[in-house]
Structure formats: structure tokens, C-alpha cells
1. If a residue counts only when it is aliphatic (A, V, I, L, M), assigned by TED's automatic domain parsing to the domain that holds residue 224 and in contact (Cβ under 8 Å) with a residue 24 or more places away in the chain, which strands (runs of 3 or more DSSP E) contained entirely in the stretch 50-162 have at least 2 such residues?
2. Out of 110, 155, which single residue is under 30 Å from residue 246 (Cβ atoms), among the charged types (D, E, K, R) and modelled with pLDDT of 75 or more?
3. Which of the residues belonging to the stretch 198-214 are surrounded by 14 or more Cβ atoms within 10 Å (Cβ to Cβ) and either hydroxyl-bearing (Ser, Thr, Tyr) or part of a helix (DSSP H, G or I) (or both)?
4. Collect the residues in the stretch 215-231 that are part of a loop (DSSP other than H, G, I, E, B) and surrounded by 17 or more Cβ atoms within 10 Å (Cβ to Cβ), keeping them in residue-number order.
5. Give me the residue from the stretch 63-95 that is buried (at least 22 other Cβ atoms within 10 Å of the Cβ) and more than 12 Å from residue 119 (Cβ to Cβ) and, out of that set, farthest from the ligand (Cβ to nearest atom).
6. Counting only residues that are at pLDDT 90 or above, farther than 18 Å from residue 65 by Cα and part of a helix (DSSP H, G or I), which one in the stretch 17-40 is nearest to the ligand (Cβ to nearest atom)?
7. Return the residues of the stretch 163-185 that are in a strand (DSSP E or B) and crowded, with 22+ Cβ neighbours inside 10 Å; say none if nothing qualifies.
8. Can you pull out the residues in the stretch 45-61 that are of a type outside the set (Val, Ile, Thr) and at pLDDT 95 or above?
Amino acid sequence: MASKRGVRALNLWICACFCTILWAAMDVLVIEDEAKVVEFISKGLEEEGYTVQVAFNGKQGLDLAKTQRYDIVLLDLMLPEIDGLKVLRNMRAWGINTPVLIITAKNSKEDVVKGLDTGSDDYLTKPFSFEELLARMRALLRRSAARDGHMHRYEDMTLNPYSRILSVGAKEVELTEKEFLIMELLIKNSERPLTRREIAEYVWQNTTDSTNIVDVYINFLRKKIESLTSRKYIQTVRGIGYILKEENDKTI
Ligand code: CA
């Protein structure tokens, strides 16, 4: 029979895996009336781990953009009810600064200029490949974070709070929401030891329960960092917790 501890560890592992899937999601709003395009984009993005919400006309899109927070909006120009440029104009007028990527069959220079002038961040002309769409989306998210000056940095490590992408040099990896929060806390307190309790409070608002989950997530993070560099950044401080500090010869 499995011990209580074993069952607990298994539960924690299942929860961690499940939550990783949930937290990996980045929210995308697709405002597009062409069913085929919607299917192509949604299917591909969902396979990549994005959460996709679709509006089939401009009015619905505007309502969603107004009431919910998205990481990025993909916007068609020729839409029923309210056209794309008007949707964009309204969004910007209301102070919604979510990055917008226009996807449209219109390919005249005039339309490109109009779209960019209205406040779109980039423009993609149909037909496009899915890889190109993904690359444009990533670039846009990186740019918007850099523009807002919200990037977190430590040594040659950069953490983008919009895309939750952690990069070292030219290599990058996407973090889940919880991994991101831990990394954010570590960078804000770089070279200062943090207790497991401090981390649990910051990430899970957890003050009473076990802090073992912190160790589980630190392992996830270390694995992701390993995929970027051979240098070790997160050190264990025995009896205390963890510290973000580039490894040197001495053990902490
Ligand atoms: Ca259309």
C-alpha cells in the first residue's frame, strides 16, 4: 500500500503537471469573421498552449477587449458590424494598450499605413504561414514589454512579464505563471537568500500550508534554465531556501 507521504507526493506531482498546462496559457483574442481562418489560427495556437477566444464581428470583439484582459489581439480589418480599424481606434481611445496584430487580405500600402497609424503594432497579410504568425506574435510581445520598460534582468538573463519568456543570450523558454512569479521574485531580490515561506507567500499567498511545492517549482525552473545555459543560477541555501546568484566555485 502506498504510504501517505507517497500519495501526497503523487498528488502534488499531478497538480503541478496539471497546473503547468493551465498556467502556460497566454490569452489571445482573435477578431475575425472568416470561419476557415478562425479555425486555422485557433487550432494552431491552442496546440501551442495559448488560450484563444474568438469574436466573429467587430462589436463582439470590442466588447471582449473592453471587459477582459488579453496578452495580444489578432484583428481582421473587414468585419461585420464594426470594421477592424474602428475597433482598433476605439481600443486605443479607451486606453487599451494590448498589442494588436492586424491580419487581413487587404494588402495595399495605404491599408498598411492606415492600420499602423491607428495604433496597430504589426500587420500580416493573408495568406500567411502559421510559423510566421507565431514569430510575429512573439516579436510583438517582446517589443511591447521592452517599450514599457518592464523587463526584469539579472546578469545576461532577461524575463519578459508579458510573454513570460525567460531568455539567456539568444536562447529563450516560456515559463508558466507560477514559474514566472518565482523567477520575478528571485530577480527582484537577486543575490539575497529567500526563504521557502517568502516564495510561497508571494506566489501562492500561502502562509500556513507546506512549502514543498516551492521545491517542486524550483526544480521545474532549474530544468528550464538548464535548457538555456550550462551555468547554474538558482542556488540552494541550506536550511533557508534559495538565492539567485550565478554559480562560482564556492558552495553556498
Ligand atoms: Ca473579414
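The values are calculated or read from the model by the stated rules, or taken from the named source; none is laboratory data. All values reported here derive from a predicted model rather than from experimental measurement. Heads up, the Cβs are rebuilt from the backbone with ideal geometry, glycines too, and the neighbour counts pull from every protein chain shown.
1. 157-160
2. Within the list 110, 155, the selection yields 155.
3. 198, 199, 200, 201, 202, 203, 204, 211, 213, 214
4. 228
5. 72
6. By that ranking, first place goes to 37.
7. 166
8. Passing the criteria: 53, 55, 56, 57, 58, 59, 60, 61.
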